[in-house]
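As structure tokens, the structure follows; a few thoughts come after it.
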Amino acid sequence: MSALREWVTLLGDRATDDTGPHTQNLTEFRAREIVAVLRPKSVSEIREIVAIAVKHRTPLYPISTGKNWGLGSRMPVQDGCAIVDLGQMNQILEINHELGYAVIEPGVTQRQLADALVDSPVMLNVTGSGEHTSVVGNALERGIGVLGQRVRELRGVEAVLANGELIRTGLWTFDVSTPQWHHYPEGSGPDIMGLFVQSGFGIVTKAVIGLHLRQPVQLALVRSSSDDLPQHIDEFRRLRQLQLLRDRIEISTNDDPRLAGFGSRAMDAWMTWLALFGDEPMVTLVKDQLSKSFSDITYYSPDDELPEPAQTRLRKLMGEPGDEYVHAMAGRAVDSGTDFALDDDPAATGFVCVLPAVPFTGQCVHDAISIVRKIDAKLGVQSILTFNSLGTTGLEGFFRVPLDRTDKSAIERTHKWAKQAQEQLAQGGFRPLRASIDNMYYDSGHLEMVLKLRQTIDPRGIIAPGRYLPN
Ligand SMILES: Cc1cc2nc3c(=O)[nH]c(=O)nc-3n(C[C@H](O)[C@H](O)[C@H](O)COP(=O)(O)OP(=O)(O)OC[C@H]3O[C@@H](n4cnc5c(N)ncnc54)[C@H](O)[C@@H]3O)c2cc1C
């Protein structure tokens, strides 16, 4: 019997070779050859799927909700994989308000978890992506929310390995005789949780996600000219290190579609949104300091009548996901909950992106911008640039070029831009913190050791071959 026949016997109509829609992607990457789409509903089904895959040497590519937009959407890195779509495993298994965590399955979306937390003291760190994207998928891709990196909120994962074994990390072992409070994710000895992030070490079937205490928040907007920017960046870092500012600090060129119709002033080449958390006396103190540091600054409180960009940012900082940025990017209203949202709509603007990790210094930001602007000039494109703070030391560069998906030469040009930008930024010391399936990045630092581990756990390269690790 073929692998597909065995999967159909196991899953019925939840296994299919109708894979066409899964190859549509808003970045217009080459359609990968996908042999099947499998939609398990339980861990035991996943273990059987893996056993069949190993028997037939057919690789698997797990996705949670498959909205990895800009990096490949649902598609695997390599041809010949079966997609394991975990969207139907979407249970919230536990919420702990006191210690601030939720135990969830991969199909749980930002909307689902945010709704389950309404009127509770804790909230989710939401991303700018659609409200129907997966919390677990995003964390496993090292995605970034408005309160910082999701991966830092991972307190445990449960995963099926390629040998069929089911494991849990840290204190979250199979020892059910002690209560599992998820208060100390590392456990004792080597911590293996990181192995399941940006890798093919296993199919993650559950995760423990840290939540944040709700608190009042206001916004400040600092405008900078290109000349002022490096000095302003150094000041943002100093204030971040002093804990007067917290994540997110969001620094964007003013042609960002998420700022449409906002601020066409002569000097406002860059806009920086700062989140000011805490009650009024605390915020007044921070405002005093900011007003000393920056000459062009505006404050926004939730009690005021607010312009749209400030409203959206405040909602997200208060744990409310939404599709606003998806609409802004696509140039049309698209519901992120519909099947193949964005990907199957060639009239929606697409984008290609590169995401370098940039040290949080004015000089490094200046250097990264110079690299990208040279490529822009050479290829005749205008990239939109954003830097988001990642704690006190780093920034996520979110550099992208909008894409007319009906224009073949534009597609070619923007793909070329992404390749050159990622390569030249990496050569300049700004390595990617996430990579697309067309420009997958293999870090040579500790690759040999990781490949030895992979060889032990998954010698046939069954799970997500080529994803951040070469075969
Ligand atoms: C307008 C717009 C704004 C965006 N804003 C943000 C943002 O603010 N922050 C951000 O991080 N991203 C952002 N994105 C990018 C992207 O949409 C999100 O990262 C999204 O959450 C990823 O899709 P997903 O949640 O469906 O994850 P998936 O696509 O399901 O997962 C991502 C990858 O992780 C791996 N994976 C997923 N599930 C598993 C599993 N269970 N086991 C093993 N491996 C797995 C797979 O390789 C998969 O390709 C944005 C995109 C757009 C279009």
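The values are calculated or read from the model by the stated rules, or taken from the named source; none is laboratory data. On a predicted model such as this, the values are computed, not experimentally measured, just so you know. Glycine gets a Cβ as well: all are built from the backbone with ideal geometry, and neighbour counts include every protein chain shown. Surface accessibility is based on the protein's heavy atoms, side chains included, excluding ligands, DNA and RNA. Shrake-Rupley method; radii C 1.70, N 1.55, O 1.52, S 1.80 Å.
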Across (1) closer than 26 Å to Arg150 by Cα; (2) open to solvent by 10 Å² or more (accessible area, probe 1.4 Å); (3) touching a residue at least 60 places away in the same chain (Cβ under 8 Å); (4) not acidic (Asp, Glu), Gly362 clears everything bar (2)
Could you check Asp344 against (1) open to solvent by 10 Å² or more (accessible area, probe 1.4 Å); (2) within 13 Å of the ligand (Cβ to nearest atom); (3) within 23 Å of Ile437 (Cα to Cα); (4) among the charged types (D, E, K, R) and say which number it fails?
(2)
Subset of the stretch 82-104, residues within 16 Å of the ligand (Cβ to nearest atom) and more than 17 Å from Leu11 (Cβ to Cβ), comes to Gln91, Ile92, Leu93, Ala102, Val103, Ile104
Residue check for Cys353: in contact (Cβ under 8 Å) with a residue 24 or more places away in the chain, of a type outside the set (S, T, N, Q) and closer than 16 Å to Ser252 by Cβ:
yes
Residues (touching a residue at least 12 places away in the same chain (Cβ under 8 Å), among the small types (Gly, Ala, Ser) and surrounded by fewer than 20 Cβ atoms within 10 Å (Cβ to Cβ)) located in the stretch 378-417
Gly380, Gly391, Gly394
Counted residues in the stretch 92-112 being crowded, with 22+ Cβ neighbours inside 10 Å and not in a loop (DSSP other than H, G, I, E, B) come to 5
Total residues in the stretch 290-308, condition part of a loop (DSSP other than H, G, I, E, B) and among the small types (Gly, Ala, Ser)
2
If you check Ile233 against the conditions, is it of a type in the set (A, V, I, L, M), closer than 21 Å to Val126 by Cβ, touching a residue at least 24 places away in the same chain (Cβ under 8 Å) and crowded, with 21+ Cβ neighbours inside 10 Å?
no
With respect to Ala275, determine if the residue is touching a strand residue (DSSP E or B) at 6+ places or on another chain (Cβ under 9 Å) and within 16 Å of the ligand (Cβ to nearest atom).
yes
Conditions (1) touching a Gly at 6+ places or on another chain (Cβ under 7 Å); (2) in a loop (DSSP other than H, G, I, E, B); number of the one not met by Arg47
(2)
In the stretch 429-471, how many residues are of a type in the set (A, V, I, L, M), outside any loop (DSSP other than H, G, I, E, B) and more than 21 Å from Ala82 (Cβ to Cβ)?
6
Kindly list, by first and then second residue, each pair from a residue in the stretch 51-76 that is touching a residue at least 40 places away in the same chain (Cβ under 8 Å) and assigned to a loop (DSSP other than H, G, I, E, B) to a residue that is more than 8 Å from the ligand (Cβ to nearest atom) and charged (D, E, K, R), limited to pairs with Cβ atoms under 7 Å and residues at least 6 apart or on different chains.
Arg57/Arg460; Gly66/Asp85; Gly70/Arg400; Ser73/Asp343; Met75/Arg32; Pro76/Arg32
Restricting attention to the stretch 120-173, the residues that are farther than 18 Å from Pro185 by Cα, acidic (Asp, Glu) and more than 7 Å from the ligand (Cβ to nearest atom) number exactly 2
Take the residues in the stretch 1-35 that are more than 15 Å from Phe340 (Cα to Cα), free of Cβ contacts under 8 Å to residues at least 40 places away in the same chain and part of a loop (DSSP other than H, G, I, E, B), then tell me which one is most open to solvent (accessible area, probe 1.4 Å).
Met1
Criterion (in contact with a helix residue (DSSP H, G or I) (Cβ under 8 Å, 6 or more places away or on another chain), open to solvent by less than 20 Å² (accessible area, probe 1.4 Å), of a type in the set (A, V, I, L, M, F, W, C) and closer than 30 Å to Phe399 by Cβ) met by exactly one of Ile63, Ile49
Ile63
Looking at Asp303, Asp255, Asp296, Asp288, can you tell me which residue is of a type in the set (Asp, Glu) and modelled with pLDDT of 95 or more?
Asp288
Where the second residue is among the basic types (Lys, Arg) and part of a strand (DSSP E or B) and the first is buried (at least 21 other Cβ atoms within 10 Å of the Cβ) and lies in the stretch 197-208, which pairs have Cβ atoms under 7 Å and are six or more apart or on separate chains?
Val208/Arg155
Looking only at the stretch 306-332, which residues are among the small types (Gly, Ala, Ser) and within 13 Å of the ligand (Cβ to nearest atom)?
Gly322, Ala328, Ala330, Gly331
For the stretch 113-163, give me each residue that is open to solvent by 30 Å² or more (accessible area, probe 1.4 Å), basic (Lys, Arg) and not in a loop (DSSP other than H, G, I, E, B).
Arg152, Arg155
